[in-house]
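The values are calculated or read from the model by the stated rules, or taken from the named source; none is laboratory data. Because the structure is a prediction, the values reported are computed rather than measured. Ideal geometry is used to build each Cβ from the backbone, glycine not excepted, and the neighbour counts take in all protein chains shown. Each accessible area value is taken on the protein alone, full model and side chains, heavy atoms only, with ligands, DNA and RNA left out. Shrake-Rupley method; radii C 1.70, N 1.55, O 1.52, S 1.80 Å.
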Amino acid sequence: KERRRLATEILEQLGLSERITGRPWASLGWGLLTWVGVPFGILLLTVAWILLAVVLGVLSLGGLVGAVVTVGLLADAALALALILSAAFLAWVIVGLGIGQFTFSRLLAGREIDRLIAVLLGVFLLVLATSIPILNVIITILVLLSGVGVLGWAVYDGLKPRSQPVLNETPEHP
């Protein structure tokens, strides 16, 4: 029960389902940006570590070349794995949560909604919808774009520098 409460708090802090239901077009746009940006970032990272390995080799620091190549390959693999796992699992859960909460908010207006039940209902509805032959491709694309999009959006928001609170600049004199 403690883990479920922690997961619920994390979901509420990130506001992932609210981003999908509140701004669906923005989440699709972020999804497209993430699906293009992550492979491009992996490509840039690969070029950077290859150039660094070549420079280290030219400078006769061959002992470091192996470490640079290993770390570069691991970093590339970690980024690719993060994208694949977020698409394969997290996107479906996040979109399912958004669908479940939207459905429950329409059916049970004003009552508290358990997030686990909302996820189960939303994923169940997604599974039903993807069992329709032509609709399954469209729904899968939309889920992958919007689910990965809100994750990319949340990562971007997390990387943005926060503004510092303004301190009271007028000194207090007794």
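In region 12-41, the residues that are over 15 Å from Gly122 (Cβ atoms) form Cβ pairs under 9 Å with partners that are β-branched (Val, Ile, Thr) and open to solvent by 30 Å² or more (accessible area, probe 1.4 Å), at six or more places apart or across chains, as follows: Thr34/Val155. For Gly29, indicate whether it is surrounded by 12 or more Cβ atoms within 10 Å (Cβ to Cβ), at pLDDT below 95 and farther than 24 Å from Val148 by Cβ. So Gly29 fails the test. Taken residue by residue, region 32-49 has no member that is touching a helix residue (DSSP H, G or I) at 6+ places or on another chain (Cβ under 9 Å), open to solvent by 60 Å² or more (accessible area, probe 1.4 Å) and part of a loop (DSSP other than H, G, I, E, B). Pick from Ala88, Ala77, Ala129: which is assigned to a helix (DSSP H, G or I), within 21 Å of Leu33 (Cβ to Cβ) and free of Cβ contacts under 8 Å to residues at least 24 places away in the same chain? Going through Ala88, Ala77, Ala129 in turn, the sole match is Ala88.
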